[in-house]
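To start, the structure itself, in structure tokens.
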Amino acid sequence: VGPKTNGPQHWKAFLEKVCLPGFQVIIQGTEGTPYAGGLFRMKLLLGKDFPASPPKGYFLTKIFHPNVGANGEICVNVLKRDWTAELGIRHVLLTIKCLLIHPNPESALNEEAGRLLLENYEEYAARARLLTEIHGGAGGPSGRAEAGRALASGTAASSTDPGAPGGPGGAEGPMAKKHAGERDKKLAAKKKTDKKRALRRL
């Protein structure tokens, strides 16, 4: 399915797996929204009379959004009265992606999210960001794995950073102290050898 980058906004959707009579995709949250940095798993179910009737869409990743119900059901017109047989899966994914950018509080399945969106956007955005961090990004299991890989990469890179722990000019870490101890032992052994040689000359 993706990545796709056509349309008014850049967007990405990756086919995760096919599980008839439908499939799962991963949609990436858009920068500048409370869902930025999130990876949201979504399931599309195709009925027996598809494409005459629309697919049904569900978010598998927990998300705080006016148009997503407690069971993950997605409320968007293209999956209901606006559906036509000419519309394809790509159009559905683009519409859902746009829904993450421009929620519609008028057809809210999550009434609390819809109310906050209209009355207190800052609180709505904070709640949406929190759930994105916990379930859709760095807070989730896959996000932690990604963060671990990034951390490992960053640690390796920082070992050559002059200001990094253990680097020139940085605080000494365990490895630096170990190497310093080995150097001291070698210097002490060399001094002892030199002293013996000097005594033999006498």
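Bear in mind that the values in this text are calculations on the coordinates, not laboratory data. These numbers come from a predicted model, not from an experiment. As a convention, Cβ positions derive from the backbone with ideal geometry for all residues, glycine included, and neighbour counts pool all protein chains shown.
The table below gives the values:
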{"quantity": "For G72, net neighbour charge (Lys/Arg +1, Asp/Glu -1) across residues whose Cβ lies under 13 Å away", "calculated": "+3"}
{"quantity": "Close Lys-Lys pairs in the stretch 14-136, where close means Cα under 20 Å and separation is 8 or more or interchain", "calculated": "15"}
{"quantity": "Among 58-66, 89-97, the order from most to least packed when residues are scored by Cβ within 10 Å on average", "calculated": "58-66, 89-97"}
{"quantity": "Counted charge near L118, where neighbours are those whose Cβ lies closer than 15 Å (Asp, Glu -1; Lys, Arg +1)", "calculated": "-4"}
{"quantity": "Stretch gain in nm, segment N120-A85, where the contour uses 0.36 nm per residue and the Cα spacing is subtracted", "calculated": "8.7 nm"}
{"quantity": "Mean separation of Cα contacts under 8 Å (6+ apart) over length of the stretch 14-136, as relative contact order %", "calculated": "25"}
